[in-house]
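Enquirer: After the structure tokens below, expect a handful of questions from me.
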There are 2 protein chains.
Amino acid sequence: MNLLLLHEDEIDGQGEARLTGRRLEHAREVLRVQAGQSLRVGVLGGLMGTAEVVSQSAEALVLKVNVTQPPPPRAGVSLVLAVPRPKALKRVIPAVASLGVDRVVLVNAARVEKSYFDSKVLAQEFLEGLVELGLEQACDTVRPTLEIRERLKPFVEDELASWAPAGSVRLIPHPHASTPLKPVPASTHVVLAIGPDGGWVPYEVELFSKNGFAPVSLGPRVLRGEVAVPAVLGAVRAGT
Amino acid sequence: MNLLLLHEDEIDGQGEARLTGRRLEHAREVLRVQAGQSLRVGVLGGLMGTAEVVSQSAEALVLKVNVTQPPPPRAGVSLVLAVPRPKALKRVIPAVASLGVDRVVLVNAARVEKSYFDSKVLAQEFLEGLVELGLEQACDTVRPTLEIRERLKPFVEDELASWAPAGSVRLIPHPHASTPLKPVPASTHVVLAIGPDGGWVPYEVELFSKNGFAPVSLGPRVLRGEVAVPAVLGAVRAGT
């Protein structure tokens, strides 16, 4: 945890926040905070800065908050991500949040097991917890928008037009594509369609192609989702 | 497992291999192979191709091997990697192998806990197992060279000159560097120094700088090792 995240309504009129639960535990047991110490904090969806520890006990951590800095710039990237297996999802979502992705829609695909949609890890509250882990790691306060779509075709055909910002570039990374994935200027929003382990099936590649997604390659290596996502993000924003 | 890895000495004069253990189990329980079926195989350090299942039983999987294709090209990247915490190492090493990294030296750093060097996950045999997981994922047969150095300074000052290929570019990714990390042509070997969670300390950054490493930034976000490694690799080889 490189940044302690606060909710705006946790800060009172005097700029004081009283924390319990996971953040109290982390502050006491990992950071071993003492009264007077300064911590790096951020307000979810808002500014970042420091907080002085007013007091700490087994019951609560009381902080005097002073936030004046804006969070880091966004990646300018939206992800259409085939639902990973639950174990991988627990790593991909924090990674996606730490990389500053703007928007994620978790979609169904032929190679996604149906049972994943019944998994507890897809509960909105659990996903938001994973997002906060990523923000705490990266020192950011802005959550990506997270959505789930159980039907891929209507999402790609009907929703994507309004979902993706105007003028955005749509790319579908694929090991067998002939065009290498090249950096895209930071001013252009990028929508990436990242398949499940085993990849998109040909019908899905065709569906994305028909809807403006250009196939691009990171090379012939078959990468796991949790490796592919940062590799693709790194490549698409290289040098920006 | 997208590729079944074989050791050269497992293949007899008639091109037959008899497998037991983890690969037998995987073939029977996950792939549910049947006699006559074709599997994608690779010979460690050698060619890739297919193998026909001659027979399968609880005791052994017998394959008729036919390998004619070269493995995918290397990334042309060496990593100087501060030893991650054991749990992260188990994810980073397969990722590094799947990305085709040529050489990895796991080094000590101020923010690496001493106890990590006593961890079983740094045993060569365990590391090689992690490497093979990454190769099986990526469909590659070539292992990165793996070394461990408990003393950073003599490694950087004395060994790096002969360790890194002549003409290679040395980069140290750092969130506060002012130069963005840009793609490097595939023909130039790149040596990357990737710090521990919490980053290199100023003394270490200076040590690398003095020894030809240029600080480069992927942006102000603080990324975990397992996210930073693929992001940096993706960026440095973007478009190639």
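Enquirer: Could you please give the count of residues in segment A:144-167 that are closer than 27 Å to A:P73 by Cβ and surrounded by 17 or more Cβ atoms within 10 Å (Cβ to Cβ)?
Expert: Within segment A:144-167, the first condition is being closer than 27 Å to A:P73 by Cβ, and the residues that meet it are A:144-148, A:159-167.
Remaining after also requiring surrounded by 17 or more Cβ atoms within 10 Å (Cβ to Cβ): A:144, A:146, A:160, A:163-164.
So the answer is 5.
Enquirer: Considering only segment A:105-118, state which residues are in a loop (DSSP other than H, G, I, E, B) and touching a Phe, Trp or Tyr at 6+ places or on another chain (Cβ under 9 Å).
Expert: We begin by selecting, within segment A:105-118, every residue in a loop (DSSP other than H, G, I, E, B); these are A:108-113.
A:N108, A:A109, A:A110, A:R111 - these are the residues of segment A:105-118 that are in a loop (DSSP other than H, G, I, E, B) and touching a Phe, Trp or Tyr at 6+ places or on another chain (Cβ under 9 Å).
Enquirer: So B:V80 clears everything in (1) away from chain A (no Cβ under 14 Å); (2) surrounded by fewer than 24 Cβ atoms within 10 Å (Cβ to Cβ) except one condition, right? Which one?
Expert: Single failed check for B:V80: (2).
Enquirer: If you go through segment B:209-239, how many residues are facing chain A (nearest Cβ under 7 Å), surrounded by fewer than 19 Cβ atoms within 10 Å (Cβ to Cβ) and on the phi < 0 side of the Ramachandran plot?
Expert: The qualifying residues number 1.
Enquirer: Identify, by number, the condition in (1) touching a helix residue (DSSP H, G or I) at 6+ places or on another chain (Cβ under 8 Å); (2) more than 9 Å from chain B (Cβ to nearest Cβ); (3) among the charged types (D, E, K, R) that A:E206 doesn't meet.
Expert: A:E206 satisfies every listed condition except (1).
Enquirer: Next up: With buried (at least 21 other Cβ atoms within 10 Å of the Cβ) and either in the same structural domain as A:R22 (by TED's automatic domain parsing) or closer than 22 Å to A:V169 by Cα (or both) as the only criterion, which of A:L47, A:L89, A:L39, A:L99 stands out? Don't jump to the end; show me each part of the working.
Expert: Working: A:L47 fails: buried (at least 21 other Cβ atoms within 10 Å of the Cβ); A:L89 fails: either in the same structural domain as A:R22 (by TED's automatic domain parsing) or closer than 22 Å to A:V169 by Cα (or both); A:L39 fails: buried (at least 21 other Cβ atoms within 10 Å of the Cβ).
Being buried (at least 21 other Cβ atoms within 10 Å of the Cβ) and either in the same structural domain as A:R22 (by TED's automatic domain parsing) or closer than 22 Å to A:V169 by Cα (or both) holds for just one of A:L47, A:L89, A:L39, A:L99, which is A:L99.
Enquirer: May I ask you to say which residue of B:Q137, B:Q124 is within 30 Å of B:V41 (Cα to Cα) and more than 14 Å from chain A (Cβ to nearest Cβ)?
Expert: On inspection, the qualifying residue turns out to be B:Q124.
Per-residue answers, yes or no, for (1) touching a Cys at 6+ places or on another chain (Cβ under 9 Å); (2) assigned by TED's automatic domain parsing to the domain that holds B:P173; (3) under 27 Å from B:P185 (Cα atoms):
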site	(1), (2), (3)
B:L63	no, no, no
B:L122	no, yes, no
B:F126	no, yes, no
B:A138	no, yes, yes
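Enquirer: Given the criteria surrounded by fewer than 21 Cβ atoms within 10 Å (Cβ to Cβ), in contact (Cβ under 8 Å) with a residue 60 or more places away in the chain and farther than 21 Å from B:V105 by Cα, does B:V54 qualify?
Expert: On the way: surrounded by fewer than 21 Cβ atoms within 10 Å (Cβ to Cβ): yes; in contact (Cβ under 8 Å) with a residue 60 or more places away in the chain: no; farther than 21 Å from B:V105 by Cα: yes.
Judged against the criteria, B:V54 is not a match.
The values are calculated or read from the model by the stated rules, or taken from the named source; none is laboratory data. As the structure is a computational prediction, the values presented were derived from the model and not from experiment. Note that each Cβ is placed from the backbone with ideal geometry, even for glycine, and that neighbours are counted across all protein chains shown.
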